[in-house]
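Structure record follows, encoded as structure tokens.
The values are calculated or read from the model by the stated rules, or taken from the named source; none is laboratory data. Bear in mind the structure is a predicted one, so any value in this text is a computation, not a measurement. Ideal geometry is used to build each Cβ from the backbone, glycine not excepted, and the neighbour counts take in all protein chains shown.
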Amino acid sequence: MNGTFNRREWFLASIGVSITCFLLCSTHASGLESLSPSGPVKDDQLVRIATFDVDATPPIGSRMAYDPVTNWWDLTLKARGIVLMNAGQPIVLCAVDWIGIANEGHDEFRATLAKAAGTIPSRVAVHTVHQHDAPDCDFSAEKILKERGLDPASYNGDFAREVLHRLDRAIKESLSRAQPITEIGLGKAIVEKVASNRRILGPDGKVRATRYTSCKDPALRAEPEGTIDPELSMISFWNGERPLAVLTYYAVHPQSYYRTGIPNPDFPGVARFLRQLAIPAALHVHFNGAGGNLGAGKYNDGSPENRRILAERLADGMRRAWEQTRREPIKPDDVKWAVESVALPVASHLSETELEAQFAKPDPAFFLSGAASRLAFLRRCKSGHKIDVTCLSLGRARLLHLPGELFVEYQLAAKSMRPDRFVAMAAYGDYGPGYIGTKVAYAEGGYETSPTSSNVSPEVENVLIGAIKRLLEASQ
């Protein structure tokens, strides 16, 4: 062949060289996680994220917080969240479409999720979104009732344990599918005409009326919004141009109407679903902020049609926060977890003797009063039990995790402490404390700080504000 290639041989040789180069590049790339804006990054230089999502809808015939389940709605209840890895021991964030998870129930959720993710319970945050047509979980209250031969009713933990089994399996399976994070996205937007303050004060500074989450009184709906946090906060996780997960935070009681016998995620769940349709590549997880004294009452008379209206308004806030998102690189050193374990001061009205006496009452309303859960909380506090207040640092972002039905003033105070940081808050962690008001709120009266609603004393403000301040100051 006179030492030269003809056209055909040259073409085949070129293909061979190209294939060889491709294989060499692919082999080299297999040792890389992803492409960051500045180029390839090695495995140990990237945070990884796993997402999990399980059905948490109770079966027909079982009990929710208020009523038995008689049917199912179009949308199910969810327990979903994320696992962050390669930044110390794994970190787990989980949001559940239930009214509350309290006492030993909350302990067990954290322990189960921690074991599944290969971490410790103090690096797990479990919160509920606080929908009312949904289950209530408290293994301590269940135990107290069963020990007395009483039907645990809404505290029956059989289904909760089934959900724990689903979460255990889902998290373990998710770890092998973990994706690298090259950037996080931070976005905020004002949500219009959803939240309003529930506590209407009179000229004497006392609560004269409560504007609940559905309010049929036009005079109360005409009152000003009052103190709220209108801002929705959004944190997204990215691998290059692919969004992996989106976390949203907004403070409000999430009821449009309830006591239907049909479990449903109410308007936050509908809004979450709408955004999931808009950005299907990323798992959307929604956390309720410090909405203990907030509701939709100014904008909601309880008409079923309002569920869609409120959902669309919340989804619109989510959309605008997404559009205003600014992305920034994230490295393992930018991810930190801090814990402040606090002893919450018990309300003076809680008496073990008086609570024990209530178990002689066969009145079904007894179970709704939550005496067993309050007794469990009291005993845990007496035994020295502490509640973890935690903070996840993600670059400029600070995500705080707090217990109970927290008043919005705590969230506003946290944001004012670090105006140089992106601060978001999830409340409704351990549901044992019930409502957690500010010190002045206990003097103002009203439903939220009454003996049937709050299990803590006014001194709780000093305890929690101190913990929040230390967590935010420690994270530079």
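Counting only helices (runs of 4 or more DSSP H) that sit completely within the range 253-362, those holding 2 or more residues that are surrounded by 19 or more Cβ atoms within 10 Å (Cβ to Cβ) and over 17 Å from the mean Cα position of the chain (by Cα) correspond to 305-323.
Tell me, which residue of the range 423-476 that is over 20 Å from Gly295 (Cβ atoms) and of a type in the set (D, E, K, R) is surrounded by the most Cβ atoms within 10 Å (Cβ to Cβ)? Once the filter is applied, the top-ranked residue is Asp430. Condition (residue is assigned to a loop (DSSP other than H, G, I, E, B) and either at pLDDT 60 or above or under 30 Å from Phe377 (Cβ atoms) (or both)) applied to the range 28-48: is it met by at least one residue? Taking every residue of the range 28-48 in turn, at least one turns out to be assigned to a loop (DSSP other than H, G, I, E, B) and either at pLDDT 60 or above or under 30 Å from Phe377 (Cβ atoms) (or both).
Looking only at residues of the range 148-175 that are acidic (Asp, Glu) and modelled with pLDDT of 95 or more, we find that the one that is nearest to Thr260 (Cα to Cα) is Asp158. Selection of the range 439-461 for residues being part of a helix (DSSP H, G or I) and within 13 Å of Phe407 (Cβ to Cβ) yields Lys439, Val440, Ala441, Tyr442, Glu444, Val460, Glu461. Regarding the range 150-166, can at least one residue be identified that is under 30 Å from Ala360 (Cβ atoms), in contact with a Ser or Thr (Cβ under 6 Å, 6 or more places away or on another chain) and in contact (Cβ under 8 Å) with a residue 24 or more places away in the chain? The answer is yes; a qualifying residue exists.
Considering only residues that are buried (at least 21 other Cβ atoms within 10 Å of the Cβ), of a type in the set (S, T, N, Q) and within 29 Å of Arg177 (Cα to Cα), which ones fall in the range 203-252? Across the range 203-252, the qualifying residues are Ser233, Ser236, Thr248.
Filtered by the rule that a residue be assigned to a strand (DSSP E or B) and more than 13 Å from the chain's Cα centre (by Cα), the range 70-94 gives Val83, Leu84, Met85, Ile91. Only one of the numbered conditions (1) more than 26 Å from Ser236 (Cβ to Cβ); (2) within 16 Å of the chain's Cα centre (by Cα) is not met by Ala125, and that is (1).
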